[in-house]
Amino acid sequence: MTKEEEFVVEPLQKFFLDRTRSGADWKILHRPSFGTAATGWDLQMERHNQVLLIEAKYIRGPFAASLAGLVISPLSNRPENRISLYRSWSAVSCWAIGSGYSTVGKYKLRNVYQLLLDYFSRNLNFWKSYAETLRVKYIFFVEDGRVAKMTFEDMVKIAAVYKDEICKIVKKTPEAKRKIAGQLLADRLKFK
């Protein structure tokens, strides 16, 4: 089992299958048998009139490579695991992001927040049109087996606020940016 499967896909699948945590009755539509050689979506969940096509990334090294994998996932036109060869009208793409342990034993997901907001704030119009055109609906953050969900649209709005806040500070150090990103997302992300 890869770290992506262990720390991102497994907790996300448990989240969806636990009705009290997810708030709905989800069913697994598809999950690849082998994570290392699998093509297609990392997890496909389905409920009445809704299909989530989820691309998962376990961030443990350079963020740009992982972000690139997330960004191109809806572009690749991978078919759903269904009878039809094309996406259903109710299918939306989603991102799932998890991170590894730091040297002190805590998750580094707050670093990912800052990097993600940095990328989003550089071109807000692109990310708005990206979400609309490619039907990217949610970003799931996975930390220590817990999951928080945010709409992609909300993330773009937070990135706009983040951009304004960063312009106000004099020393734009990574620590200052992480603090602002953490404050902006702490109220919005409810881990279950």
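The values are calculated or read from the model by the stated rules, or taken from the named source; none is laboratory data. Values in this document were obtained by computation on a predicted structure and should not be read as measured data. Every residue, glycine as well, gets a Cβ built from its backbone with ideal geometry; the counts of neighbours run over all protein chains shown.
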*Just give me the residues in segment 118-162 being farther than 29 Å from THR173 by Cβ and among the aliphatic types (A, V, I, L, M), in sequence order.*
ALA131, LEU134, VAL136, VAL147
*If you go through segment 61-78 one residue at a time, do you hit one that is over 24 Å from LEU189 (Cβ atoms), at pLDDT below 90, in contact with a Leu (Cβ under 6 Å, 6 or more places away or on another chain) and surrounded by fewer than 18 Cβ atoms within 10 Å (Cβ to Cβ)?*
no
*Leading residue by the ranking (modelled with the lowest pLDDT) among those in segment 148-169 that are β-branched (Val, Ile, Thr) and either more than 16 Å from ARG110 (Cβ to Cβ) or loosely packed, with under 15 Cβ neighbours inside 10 Å (or both)*: ILE169
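Residue by residue, here is whether (1) crowded, with 18+ Cβ neighbours inside 10 Å; (2) of a type outside the set (Ser, Thr, Tyr) holds:
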{"residue": "SER93", "(1), (2)": "yes, no"}
{"residue": "LEU109", "(1), (2)": "yes, yes"}
{"residue": "ALA131", "(1), (2)": "yes, yes"}
{"residue": "VAL136", "(1), (2)": "yes, yes"}
{"residue": "ARG146", "(1), (2)": "no, yes"}
{"residue": "PHE191", "(1), (2)": "no, yes"}
*Among residues belonging to segment 6-40 that are acidic (Asp, Glu) and under 13 Å from ASP144 (Cα atoms), point out the one that is modelled with the lowest pLDDT.*
GLU6
